[in-house]
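Undergrad: After the C-alpha cells below, expect a handful of questions from me.
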Amino acid sequence: MRKLWITDMLALLLILVLLWNIRPRPSQLDALEFKGKTTSATGLTVQFLGNTNILLDDGETRILTDGFFSRPPAYTVVFGEVSPNTSRIKDCLNRAGIKDLDAVIPVHSHFDHAMDAPVVAQLTGATLMGSSSTLNIGRGLKLPEDQMVQAPLNKFISIGKFEIMFIASEHWEYPDPDQQKRLLHQGISTPLVPPASIYDYKEGISYTLLIKHEGVNIAIQGSAGYKENVIPDFDADIQFLAIAGIELMDETYNRKYQKYVIDAVNPEVIVPIHWDDFTVPLDEGLKTTNLMVNLKFGSNLGEAFELIELNNPNRHIVVLPLWKRIAMHDLLKESSP
Ligand SMILES: [Zn+2]
C-alpha cells in the first residue's frame, strides 16, 4: 500500500514537471517571423524586446513602451511580491543597445508593463509618460516630478519628430470575475513602493497609442481590449497588436476587437505582441507559456494566431525577433505585396 502511494506521488510529480516544461510553440512563430535585414538598420528603426516592449528610434529620439525587463518568476508573481530587478534591467538595456531614451511609456499600469519603467527612466534619463497611476509607480521609486508627465488624452504631442496620441481604451477582459474585480478599472492613487503584490499594480488607463513619424503611421495596442469608436481617423502602416487571451473570448468580443481596434486603423502590417511568457527572463529568449498555465487558463496561442489570420486575410502578419533592430522601411517593404 505504502509502495503504491510513493509510486503514485512520483507519477504525479513527473506529470507536473512535464506540464511545467512543455511549451507548445505554434508554427506561426517561425512561419511569420521577419526574415529581412536586421543589421545596420538606419532611419526609423524598431526593436521588439519581449511582452509589449517596443523601441522606436530615428537616430535622434528614442521612445520605449513599457520597459518591462525584470520578468519575475511565476511563483513570485502568484504567491509573493514583485519588484524591479535593476541588474536585469541594466543587462537588457545593454543588450538592446539602449543608452539614453527620451520617453518610456507604459501601455497601462499593471506590473508586467509599468513596474520597471521608473528604473528605466532613472537609468536612461527618459521622461516617464502615462496615467496618474503610472506616475504613482514613479513616485514610489522616487523618480523626480520633473521627469514625469501625465499624458494628455486624444491629442498629438511631439517628442522629437514623433507625434504621439494617447487614447483611453480598455484592458483585455479577464474571463475570471475575481481577476476582473481585482485588476480592472482601478487606479493607483498613492505612491506605490515595491516590493508589492501584483494586485497593487492597478490598471490605471489602458492606452491605444497612435504615433506619426515623417509619413509612417504606427498604432500600438498593448492589451487585447477595445472601446467602441474612440480611435479617430488614422490609417496605420503598422499595428503592434496584443493577442494574449483573445482565444478565450467569445465571438462578439473578437468581432468588436477586430472592428474597433484593428479595422479602426486599417493596418497593412500587424505585429503580434504580448504573446511570450513574461515570467521567463529575456536572456532565455522568447518562450511561450507552458502546458500548466495553458491548462489552468485554457490558453492556446496557436488559436490566437489563427483568429488574427482568419480575420485579416489581406494584412501581413509579422512576428518580430527578439533584440534585433529592424528598419521600419524594410519591415514595411518586406511586407508589401
Ligand atoms: Zn495588463
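The values are calculated or read from the model by the stated rules, or taken from the named source; none is laboratory data. Here the structure is a predicted model, which means the values were calculated and not measured. Every residue, glycine as well, gets a Cβ built from its backbone with ideal geometry; the counts of neighbours run over all protein chains shown. Heavy atoms of the whole protein, side chains included, go into the accessibility calculation; ligands, DNA and RNA do not. Shrake-Rupley method; radii C 1.70, N 1.55, O 1.52, S 1.80 Å.
Undergrad: With the requirement that a residue be touching a strand residue (DSSP E or B) at 6+ places or on another chain (Cβ under 9 Å) and away from the ligand (no atom under 16 Å from the Cβ), what does the range 167-192 give you? Show your work before the answer.
TA: Our first condition is that a residue be touching a strand residue (DSSP E or B) at 6+ places or on another chain (Cβ under 9 Å); within the range 167-192, this holds for 167-169, 172.
Of everything in the range 167-192, just one residue is touching a strand residue (DSSP E or B) at 6+ places or on another chain (Cβ under 9 Å) and away from the ligand (no atom under 16 Å from the Cβ), namely I167.
Undergrad: Let me ask you something else. Tell me, please, whether a residue that is in contact with a strand residue (DSSP E or B) (Cβ under 8 Å, 6 or more places away or on another chain) and away from the ligand (no atom under 16 Å from the Cβ) can be found in the range 242-260.
TA: Scanning the range 242-260, I find no residue that is in contact with a strand residue (DSSP E or B) (Cβ under 8 Å, 6 or more places away or on another chain) and away from the ligand (no atom under 16 Å from the Cβ), so the answer is no.
Undergrad: Mind telling me which of the residues S109, S70 ends up being in contact with a Pro (Cβ under 9 Å, 6 or more places away or on another chain), small (G, A, S) and within 16 Å of the ligand (Cβ to nearest atom)?
TA: S70
Undergrad: For the range 176-243, please list each of the strands (runs of 3 or more DSSP E) lying entirely inside it that holds at least 1 residues being open to solvent by 50 Å² or more (accessible area, probe 1.4 Å).
TA: Per the criteria, 207-213.
Undergrad: Return the residues of the range 259-280 that are assigned to a loop (DSSP other than H, G, I, E, B) and aliphatic (A, V, I, L, M); say none if nothing qualifies. Give the derivation first.
TA: Taking the range 259-280 and keeping what is assigned to a loop (DSSP other than H, G, I, E, B), we get 264-268, 274-280.
Result: A264, V265, V280.
Undergrad: Separate question: I'm trying to understand the selection: among the residues of the range 287-311, which are modelled with pLDDT of 95 or more and either surrounded by fewer than 18 Cβ atoms within 10 Å (Cβ to Cβ) or in a helix (DSSP H, G or I) (or both)?
TA: Across the range 287-311, the qualifying residues are K287, L301, G302, E303, A304, F305, E306, L307, I308, E309, L310, N311.
Undergrad: On to the next question. Just to be sure, is L128 touching a strand residue (DSSP E or B) at 6+ places or on another chain (Cβ under 7 Å) and outside any strand (DSSP E or B)?
TA: Against the criterion (touching a strand residue (DSSP E or B) at 6+ places or on another chain (Cβ under 7 Å) and outside any strand (DSSP E or B)), L128 does not qualify.
Undergrad: Among F48, F69, which is the only one that is out of contact with any His (no Cβ under 9 Å at 6 or more places or on another chain) and closer than 20 Å to K202 by Cα?
TA: Working: F48 fails: closer than 20 Å to K202 by Cα.
Within the list F48, F69, the selection yields F69.
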